[in-house]
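The values are calculated or read from the model by the stated rules, or taken from the named source; none is laboratory data. Please read all numbers here as calculations on a predicted model, not as lab measurements. As a convention, Cβ positions derive from the backbone with ideal geometry for all residues, glycine included, and neighbour counts pool all protein chains shown. These area figures cover heavy atoms from the full protein model, side chains too; ligands, DNA and RNA do not enter into them. Shrake-Rupley method; radii C 1.70, N 1.55, O 1.52, S 1.80 Å.
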Amino acid sequence: MGPKVVKLYVNDPMGGRCRINTEAAQRAASELGVELVVVKKGSDEYFMESFPPPCPSVAVDGRFIVRDGTVDFETLKDAILSDE
């Protein structure tokens with residue numbers, strides 16, 4: 001099994017809340033070795049989702065950590081390291 005995937009749903013251009021999530025996710029990628037995927041609102045990938053979430057949102061392996069909000073590194077780290 002490969003690394004966990006952190007998926008960021010962001011506006012384009014990114015606002016302040018998207019940047020907060022991006023910084024936490026980049027730190028997680030650096031320190032925890034997760035794969036980081038950025039999905040921009042309005043992109044083909046965004047519209048391929050069954051129910052596209054509001055931006056900003058963050059998911060770990062398909063499980064949403066936050067919808068229409070921000071996450072800090074510690075909360076994201078806990079979600080990544082959990083067995084759920």
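Inside segment 50-61, can you point out the residues that are open to solvent by 60 Å² or more (accessible area, probe 1.4 Å) and touching a residue at least 24 places away in the same chain (Cβ under 8 Å)?
Taking segment 50-61 as the starting set, the residues that turn out to be open to solvent by 60 Å² or more (accessible area, probe 1.4 Å) are 50-51, 61.
Within segment 50-61, just Asp61 meets the criteria.
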So how many residues does segment 63-84 have that are in contact with a strand residue (DSSP E or B) (Cβ under 8 Å, 6 or more places away or on another chain), within 22 Å of Pro3 (Cα to Cα) and modelled with pLDDT of 95 or more? 8
